[in-house]
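Presented below is the structure to which this report refers.
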Amino acid sequence: MKTIFEKSNGVDGINLTDEKIDISFLDSSFIRRDELGLPQLGELEVMRHYKELSDRNFCIEKGFYPLGSCTMKYNPKVNEFLASLENFGNLHPLTDDADCQGALELMYKLQEALKILTGMDAVTLQPSAGAHGELTGMMIIKKYFEVKGDLRKKVIIPDSAHGTNPASAKMCGFDIVEIKSNDKGQVDIEALKSVLDKDVAAIMMTNPNTLGIFEENVLDISRLMHENGSLLYYDGANFNAIMGYTNPCIMGFDVVHLNLHKTMATPHGGGGPGAGPVCVTKSLKEFLPAPLIDFDGQKYFRNYNLKHSIGSVKAFYGNFGVLVKAYAYILMMGKNLKNASENAVLNANYLKEKLKKYYDLPYDEICMHEFVLSGEKQKHENGVSTLNIAKALMDENTHPPTVYFPLIVHEAIMIEPTESETKEKMDKFADIMIKIAKEAEINPEKLISAPHTTPVKRVDETLAARHPDLKFQG
Ligand SMILES: *Cc1c(COP(=O)(O)O)cnc(C)c1O
């Protein structure tokens, strides 16, 4: 496909005026001497050009998007409509409380809904992403120990954790203590005990963990931590595994973040901004970033009256549009949020069972909303790496799963079908994965040189990320 510069044919798309504009009042040094060099095309050709470009994009409306950990489910379009309603979209963040009761009510009720879902006692909607929520949560934990006069330096993190966990704890000045997973892909209790001392502020856990496996010893873990005076942080980015079935409060956690842009069906990645609310137990409420959205029985208001607040973590009150979409989704789903979790887990187990005959499954357990295969067999027997498999999927018009994460699985292929996919779609995806596994045995060269049908073929991943070449050299 040609660039719009190459397509330029000198046709004026639009004529603003035929009159010569008098520019004699301008200092001559500011007047352009050469052509501007913008492409010139008729309106229809411009439309076609951009339509063709947009058709090259992959999106959920086009196909399956099985990115493990990222939860690329369908985001109902009605949410976009509601977020763009004039009274939401045009609201100024400095409006007095009295003049934005509707927006405050929405935020308050969203907080209440998240309290029910997590079992926690107080919520801040400020953080604008999962990692931002983690940072907020760890700042709260840090301040909690400061106020107690019990300075603790260490945070325990399992080796299966999302990379943002150690990064967030480190940014708060904590030292990271990594613990190994056991052969069931879960936190090894003995390993935990061996590092637990009075310098441990908290453990950061994901449950189900990033292998998609539920930590069955979580109650023992929370008891051990609390007996040690330590707190428990819950990474709830992928909450679609447990909604309505259990919650972090029951499991004994003190601080939780949620990714509204994963679980609550608001678009993310290249598709839009996120929100990473943080929910805490009663004893940590006073540490939340001010203001909280509160209700005095008659009016909704911004409550700045928090004794130990860590301060603000975002200008104004968070990504309001995302909050509208998430609240709309929660209301629309109602009790069906529980069904969403049920289907997310059922779908993942269905696909896992279909694929485990063809790919290694290092932790062969009942999974939650996602599971992790390994491309080790294909790599050792056929020289076809997980990266090659991911590229080959693109030739089949399928978005690749998350690859090479979690780090504890070699050649990891992390698959999350989400609750929004039908059996037919999953069968189709499984057929393609099986076809690729067979191809690896008979024609590995084809996979090693994939993709063959995409506009851009194999790129140098590092170079493409670090030195993207975005300029057209005419
Ligand atoms: C996505 C994710 C995060 C980070 O969320 P962002 O919004 O991308 O910052 C953290 N933990 C887990 C388990 C995740 O899947």
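The values are calculated or read from the model by the stated rules, or taken from the named source; none is laboratory data. Because the structure is predicted, anything quoted here is derived from the model rather than measured. All Cβ positions, even for glycine, are placed from backbone atoms using ideal geometry, and neighbour counts span all protein chains on display. Side chains are part of the model used for accessible areas, which takes the heavy atoms of the whole protein and leaves out ligands, DNA and RNA. Shrake-Rupley method; radii C 1.70, N 1.55, O 1.52, S 1.80 Å.
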| In nm, to one decimal, how far is the ASP99 label point from the GLU441 one, both placed 7 Å along Cα→Cβ? | 7.1 nm
| query | In the neighborhood of HIS380, defined by Cβ-to-Cβ distances under 14 Å, what is the net charge if each Lys or Arg adds +1 and each Asp or Glu adds -1? | reply | -3
| Low-density loop cleavage sites - GluC sites (Glu not before Pro) in segment 148-253, where at most 13 other Cβ are within 10 Å (DSSP) | GLU216
| request: Once you have all Cα-Cα distances for the chain, histogram them in 20 Å bins from zero and send the whole-percent values. | output: 21, 47, 26, 5, 0
| In percent, what relative contact order does the chain have, based on Cα pairs under 8 Å that are 6 or more apart in sequence? | 18 percent
| said: I'd like the antiparallel share, as a percent to the nearest 5, of DSSP beta bridges with both residues in the chain. | reply: 55 percent
| said: Tell me the carbon and sulfur percent of the accessible area for the chain, rounded to whole percent, probe radius 1.4 Å. | reply: 54 percent
| query | Considering only protein heavy atoms, what per residue accessible area in square angstrom results for the chain with a 1.4 angstrom probe? | reply | 50 Å²
| Of all the stretches in the chain, which is the longest one without any exposed loop site, taking chymotrypsin sites (Phe, Trp or Tyr not before Pro) in a DSSP loop (any state but H, G, I, E, B) with at most 16 other Cβ atoms within 10 Å? | 75-244
| task | Determine the percent antiparallel among the DSSP beta bridges restricted to segment 146-214, to the nearest 5. | result | 10 percent
| remark: Those trypsin sites (Lys or Arg not before Pro) from segment 116-204 that are DSSP loop and have at most 15 other Cβ neighbours within 10 Å turn out to be LYS153, LYS180, LYS184, LYS198
| About its Cα centre, what dipole magnitude does segment 4-56 give when the only charges are +1 on Lys and Arg Cβ and -1 on Asp and Glu Cβ, stated in debye to the nearest 20? | 200 debye
| the chain, helix-only ellipticity at 222 nm - DSSP H runs n ≥ 4, -39,500 (n - 2.57), divided by all residues, nearest 500 | -11000 deg cm²/dmol
| request: Subtract the Cα-Cα distance of ASP220 and SER28 from 0.36 nm times their separation in residues, and report this length gain in nm to one decimal. | output: 61.3 nm
| Two-decimal Rg to Rh for segment 337-465 - Kirkwood Rh, Cα set | 0.97
| If the viscosity is 1.567 mPa s and the temperature 4 °C, what translational diffusion coefficient in µm²/s does Stokes-Einstein give for segment 4-56 when Rh comes from Kirkwood over Cα pairs? | 95 µm²/s
| Near LEU331, within a Cβ-to-Cβ distance under 14 Å, what is the net charge of the other residues, with Lys and Arg +1 and Asp and Glu -1? | +1
| message | Is there a quick way to get the dipole size of segment 78-335? I mean about its Cα centre, with the Cβ of Lys and Arg at +1 and of Asp and Glu at -1; what is the value in debye to the nearest 20? | response | 180 debye
| message | How charged is the neighbourhood of GLU52? Take every other residue with its Cβ under 14 Å from the Cβ of GLU52, and add Lys/Arg as +1 and Asp/Glu as -1. | response | +2
